[in-house]
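Just so it is clear, none of the values below were taken in a lab; they were calculated from the coordinates. What you see is a predicted model; the values in this text were computed from it and never measured. FYI the Cβ positions are ideal-geometry reconstructions off the backbone, even for glycines, and counts take in every protein chain you see.
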């Protein structure tokens, strides 16, 4: 008997091609394509006064040079506001190529198409764009101050302002026994997938159709956007995501200017055109995230129970808002984590700055929200002199409170209602894993050795698997091989493996016989995309639904063939047999043959489906009314709301007493994403997420100068952690199934990243003995904080002495 | 244009290249060996790592003309008819890759680490891979895969260099 595949650490189907150099990423396609390069704004805010392309045409091999003037009416429109929201009162998006104004360094101004990228870059270097520079707004503090405007017609740089409140926060604050105010800062970071964005388009003149490939997190989204701007019917354009070298959020925004311009140029020139983003372009013309200023006011009782939580957030959305205000909405709602404050209000302002746009980056506003909440928990514990886990426990939503409705609207426009989770159990596991109760002794021993160590903690809840839907298509070919398609894309999550596991179980076939395609609009034109930790939940349940349809059809056909009752049949390893009479059997491949009545026998097996084979009832039509030929089926999954995963992390850090260097000694994770399809993959997601969190907490930041130049736009200066900076991650799991979907699964993609800044701030604070209110934190910043504390202490001692 | 003759993955090639052509672009565009990828252009990420005469180099930091008369091994030259290279096998077995973009360079560098340290400590592995970025795995399973490969016979060997010998 075949064992179930779900729940097992099955090795990945993707690996054999990827470890041998046979993966096919965007730039690996189209060797014969023309190459595009872009002239981008060197100024953060300027008026374009002229563009001189004359010299560029002198370069041998240049095929086309395009400016805004060359764009037709559809292409000349501002890019779409993908997620409109009533609170987004002043949305602004860029043009495919800038017309009169640029609003950040890196904005595309001129497109050059040439024989190869070397030539395109040579020509781009000869193009002279004249600018009149304008005053620049850099950083969220300057945006809030609003002395200068990013967009002349946007008052106070405010793109959006939103307040959500549950209960009477002011009244609850007024009668709280204790109150604290905590100001917090988080800086910019970015997804930084190892492969940048890229687009390759082939226009077929004879067929008047487009095939395009994009390194995207949504091929259906790109297809629809390009169809709209190029005026092509959907039937005449297909978009594929090939192997994608990481996404982490940045590739869900679409259409990027290049995603429109490359296919547009391919059609105009009648030649394949390709653009592969280089690393500097990725830094200055894709997207960043994370920067916020926050102010938390909290009222609580003697037990540390939060009676009132009042949070203000000033969110930097960069120069444009194509992705709307999803990030600050997530901050405002997911800030609550596993806790139930008596009353809650969050007010945010989403503000324009003359810097790269802000769209979701793994965690998508949650790291900031969790930072606010967890810093608050630690502050309450410090104020009351209580253990930090005790204060958290006091505020936990309990299993018996589930489902728990916070009374807020989540990022999908639906209620923020937790479906399941056992937070006390998770905390108990975490305390055991890290040895929470033994830490005091460890610290004492370390102190005796002259070492400073600290223990930190952070908890989060993550809404995963947001709608609207995903679909699956399952087709059993006459070979018995099963081909599965789902429309969302893959950027390394192992979908080919995980979805094959699901279909193998649901259909009753061997895992090896299931082959999954993702992100190809030719195979599944209805899809949303891979973001918000949604792929396993959405497409997992969709392919399961499709497999069920196919299974039922297979049993029906087999029942006819075996003259049995479908209810008496079972499928195992691709063979359908009568329960208890295994010799009465028919293979799924034969059923596939029978499912498609044939006129012509294309091979021996196909003979069984032809008209004189005697396999059909002559009194019935070959394809019954309401039925379809072929052993295939479709299924869609569309949930009423998100499913909420959760986790708790703890870390032990050591800070150097002299240099203030910060070293992570241990990092522990307890993670609950419901039923795990493949624990190997889930753990991998957690490891990678934590590493990105470590980068964001200790190393990565976008260093803009006062004129809006990004000073560290390369991997030389933007410090993505190497193997030498990330420790082994210790993990433990809880599997609290989601009651919302048939498979009981919750998302896992972003989890690892979410609480890391909060956890490391907590640990560093614990080591140092003073509050850490700003992340990321470098050794020099920690050293400076120490110096300020020492100097303030010396000053107060002097003042005392003077009295 | 300059004429170069180079052995890549055991086969000899002669091509005219522009003096400014980077090795990685020669491999990808002239030879069609797109298994070696570009991640950063500044020699920091190591995605383009190949072996030049048996030692790892970042092929975005080497000119094609510099490899004239030399021998290059890429990720595409590791597996043999007998199967995957032990390092490739170990990466698969230990889930040491997700998106796979850093993997060709990471595997080439990992083999180089074992050439230097046949029985490496965790620290030697981590320091040896410092220069190759991975954004997906947190290095957790990469470090484990390299340590496990060190125990496998032939993990430091590269088959195609034998062909060239």
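Side notes on the structure shown:
- Hydrodynamic radius by Kirkwood, which averages 1/r over all alpha carbon pairs of segment B:2-77, in angstrom: 11.9 Å
- Acute angle (nearest 10 degrees) that the helix A:366-384 long axis makes with the longest principal axis of chain A, alpha-carbon atoms: 40 degrees
- In degrees, nearest ten, helix A:423-434 long axis to first principal axis of chain A (Cα): 70 degrees
- Chain A: relative contact order in percent, alpha carbon pairs under 8 Å with at least 6 residues between: 15 percent
- For the pair residue A:409 and residue A:512, the difference between a 0.36 nm per residue extended length and the Cα-Cα distance amounts to 32.8 nm.
- Euclidean distance between Cα centres, segment A:560-631 to segment A:255-274, Å: 47 Å
- Cβ-to-Cβ counts within 10 Å put A:284, A:262, A:81 in ascending order as A:81, A:284, A:262, the fewest first.
- Sites residue A:432 and residue B:80, calculated FRET efficiency, Cβ-Cβ separation with R0 41 Å, nearest 0.05: 0.30
- Based on the Kirkwood approach, the hydrodynamic radius assigned to chain A is 28.4 Å, with every pair of different Cα atoms included.
- Once the Cα atoms are used to define both axes, helix A:495-507 deviates from the longest principal axis of chain A by about 50 degrees.
- Inter-label distance, nm, simple model (7 Å from Cα along the C-beta direction), residue A:796/residue A:163: 3.5 nm
- The mean sequence distance of close C-alpha pairs (under 8 Å, at least 6 residues apart), as a share of the length of chain B, puts its relative contact order at 25 percent.
- Put simply, segment A:715-803 fits an ellipsoid with semi-axes of 41, 19, 11 Å; these come from the alpha carbon gyration tensor as the roots of five times its eigenvalues, largest first.
- Taking one quarter of the surface of the C-alpha convex hull of segment A:33-133 gives a mean projected area of 7.4 nm².
- Debye intensity ratio in log₁₀ form over the Cα atoms of segment A:672-751, taken at each q of 0.18, 0.20 Å⁻¹: -0.80, -0.88
- Each of A:780, A:724 has some number of other Cβ atoms within 10 Å of its Cβ, and from fewest to most they run A:780, A:724.
- Kirkwood hydrodynamic radius of segment A:294-335, from inverse mean 1/r over distinct Cα pairs, in Å: 12.3 Å
- With neighbours defined as other Cβ atoms within 10 Å of a residue's Cβ, the residues A:203, A:275, A:57, A:436 order from fewest to most as A:57, A:436, A:203, A:275.
- Its convex hull of Cα atoms gives chain B a direction-averaged projected area, equal to a quarter of the hull surface, of 8.8 nm².
- Segment A:29-54 residues near the modelled residue A:130 label - backbone nitrogen below 20 Å, point 7 Å along Cα→Cβ: A:39-54
- FRET efficiency, 1/(1 + (r/R0)^6) with R0 35 Å, evaluated for residue A:526 and residue A:616 via beta carbons: 0.60
- Pairwise label distance in nanometres, residue A:116 with residue A:24, each label 7 Å out on the Cα-Cβ vector: 2.2 nm
- Whole-number percent relative contact order across segment B:86-150, with pairs defined as alpha carbons under 8 Å at least 6 apart: 52 percent
- One Cα centroid belongs to segment A:458-534, the other to segment A:103-174; the line between them spans 37 Å.
- Rg and Dmax [Cα atoms of segment A:1-90; Å; Rg one decimal, Dmax integer]: 23.8, 74
- Net length available on complete extension from residue A:707 to residue A:770 is 19.3 nm, with 0.36 nm assigned per residue and the Cα-Cα distance removed.
- With Cα atoms as the point set, segment B:86-150 shows a radius of gyration and Dmax of 10.1, 28 Å.
- FRET efficiency for the residue A:581 to residue B:119 pair, using the beta carbon distance and R₀ = 56 Å, is estimated at 0.45.
- Two-site label geometry, residue A:567 and residue A:400: point separation in nm, points 7 Å out along Cα→Cβ: 4.1 nm
- Its residue count N sets the reference 2.2 N^0.38 Å, and the alpha-carbon radius of gyration of segment A:561-697 equals 1.97 times that reference.
- Per-residue ellipticity at 222 nm, computed for chain A from helices alone with -39500 (n - 2.57) per DSSP H run of at least four residues, works out to -8500 deg cm²/dmol.
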